[in-house]
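Below is one structure; the comments refer to it alone.
Nothing in this text is a laboratory measurement; each read-out follows from the coordinates by a stated rule. As the structure is a prediction and not an experimental result, all values here were calculated from the model. Neighbour counts run over all protein chains shown; Cβ positions are idealised from the backbone, glycine included.
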Amino acid sequence: MTDHATPDAQAISQTIAAAQSAAVEDRLDAERNQLTAEHSLIDPSHLVGTELEVDYETDSALDDDDSSVSTSIAASVVAGNWEMGRRYHGFESANYFLPNDEEEINRLELQHRIWYIVFNGGLYLSPLEKDKLKNVLDIGCGTGAWAIDFADTHPNCEVLGTDLSPIQPSKVPPNCSFMVDDAGKDWAFDRKFDYIHTRSITSGIRDWDRFIEQAFENLTPGGWLELQELHFPIECDDGTATKDTPLMKWSYEIYDAAKKVGIDTLASFKHIERLRKTGFVKTEESYSKWPIGPWPKGRKEKKMGTMIAKDLADNLRGVSQKMLMQILGKSQEEFDTFITQVRNDIFNPKIHIYIPIDIFWAQKPLESATDIE
Ligand SMILES: C[S@@+](CC[C@H](N)C(=O)[O-])C[C@H]1O[C@@H](n2cnc3c(N)ncnc32)[C@H](O)[C@@H]1O
């Protein structure tokens, strides 16, 4: 049943958002700076292409001292559809099933921090020539955190972030801008880009063949496309969880629900093939494993696992309710019981599950048919 918020509720939400916006953005800046300093102290290596090793010695449950990593920024524009107590984007509303409200913004900001650890403060793996970059595009930019960081660290290029939702902050670097756009439609940008980036937009893309073709068409010769994506179902390498473990089962159900609405959460398995078929060269791929909980060895891995578990547990209902109730038809009672079991697994130190991350980067050749025409 649709539960539209009253105009009053939206007005209050807008007022709160406006009042909090500046202060929260300042806090975010400070927290990002602190994070940079913190991670340069932990370990100079990033966590791409590395395996997780189970830490059997500290088989302990999650501690709570990381609650400060959960933060909030206010949406700069509050708009959209309200359903089951959550706000969803109002643009092409049938296309994306995750919310875009404060809670989701917090989740994306926390995920940005996790990516930050994975890349050890870096933002990409493509061998970009920093001085030659003029235009950069971040598709499905969410809160704009990646685009803002990229613009900050590359002041001589223009960074454009696009998304279905206008949830980006208003205080951004002068070389950074945002627009509402559906990447599933024909792209109509007024410029070509030297680098096109995506990060965890798999749940919003139905036709990856077309997406990669459009990226190719919208790159300058020699430009790079980088896809930083994850795939579902989640995985477990050591048999501590099976397909019937509620947390694993949850991810299989998300996979099934997505499939029903035309989204393949295993799309990344064919990205290399797609990139090559489209004409990209120098195609590369790597991976990362995001532990759910602090079960692996290593301080950085434990910190990441703690953040991921909190992120998932706090947002489990929001990211699942449309998929499991509206698409798979679970009743409220079934949903509530299931979510409780899944949450228990998230905090069970005996279960060693991770979210598989796939990263691809590839170059458009210096000369290609689309540029000669
Ligand atoms: C999980 S969030 C990731 C956001 C951001 N890339 C990040 O890593 O922080 C996915 C984002 O993709 C956006 N999205 C999904 N489908 C899209 C589409 N077809 N066109 C544009 N944006 C889309 C969603 O609105 C959401 O903000």
Open item on the list: So for each of 119-126, 334-341 I average, over its residues, the number of other beta carbons within 10 Å; can you give me the resulting order with the highest mean first?
Closed with: 119-126, 334-341
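So which of 130/289; 185/260; 130/364 end up more than 23 Å apart, counting from Cα to Cα? Display every interim value, and only then the final one.
On the way: 130/289 28 Å; 185/260 20 Å; 130/364 17 Å.
With Cα atoms farther than 23 Å apart: 130/289.
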Task: Rg/Rh ratio calculated on Cα atoms of the stretch 147-245 (Kirkwood radius) - done: 1.07
Open item on the list: How large are Rg and Dmax for the stretch 89-185 when calculated on the C-alpha trace, in angstrom?
Closed with: 13.7, 40
TODO: Could you pull out every residue, at least 5 positions away or on a different chain, whose amide H is within less than 5 Å of the one on residue 223? Hs are placed 1.01 Å off N in the peptide plane, and Pro or chain starts have none.
DONE: 364
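Please quote Rg/Rh for the stretch 116-167 to two decimal places, taking the Kirkwood radius as Rh and restricting both calculations to Cα atoms.
Rg/Rh for the stretch 116-167 comes to 0.96.
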Open item on the list: At q = 0.11 Å⁻¹, what log₁₀ I(q)/I(0) does the stretch 163-308 have when each alpha carbon counts as one equal point scatterer in the Debye sum?
Closed with: -0.57
Open item on the list: If you take every residue apart from residue 227 with its C-beta less than 10 Å away from the C-beta of residue 227, what net charge results, scoring Lys and Arg +1 and Asp and Glu -1?
Closed with: -2
- [ ] Hand me the trypsin sites (Lys or Arg not before Pro) from the stretch 98-165 located in a DSSP loop with no more than 16 other Cβ atoms within 10 Å, in residue order please.
- [x] 134
Open item on the list: List the residues, sorted by chain then number, that are 5 or more residues from residue 193 or on another chain and whose placed amide H is less than 5 Å from its amide H.
Closed with: 219, 220
TODO: Taking every pair of Cα atoms in the stretch 256-346, average 1/r, invert it to obtain the Kirkwood radius, and report Rg/Rh to two decimals.
DONE: 1.09
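Are there any trypsin sites (Lys or Arg not before Pro) in the stretch 269-345 that are in a DSSP loop and have at most 15 other Cβ atoms within 10 Å? List them by number.
Sparse-neighbourhood loop trypsin sites (Lys or Arg not before Pro): 297.
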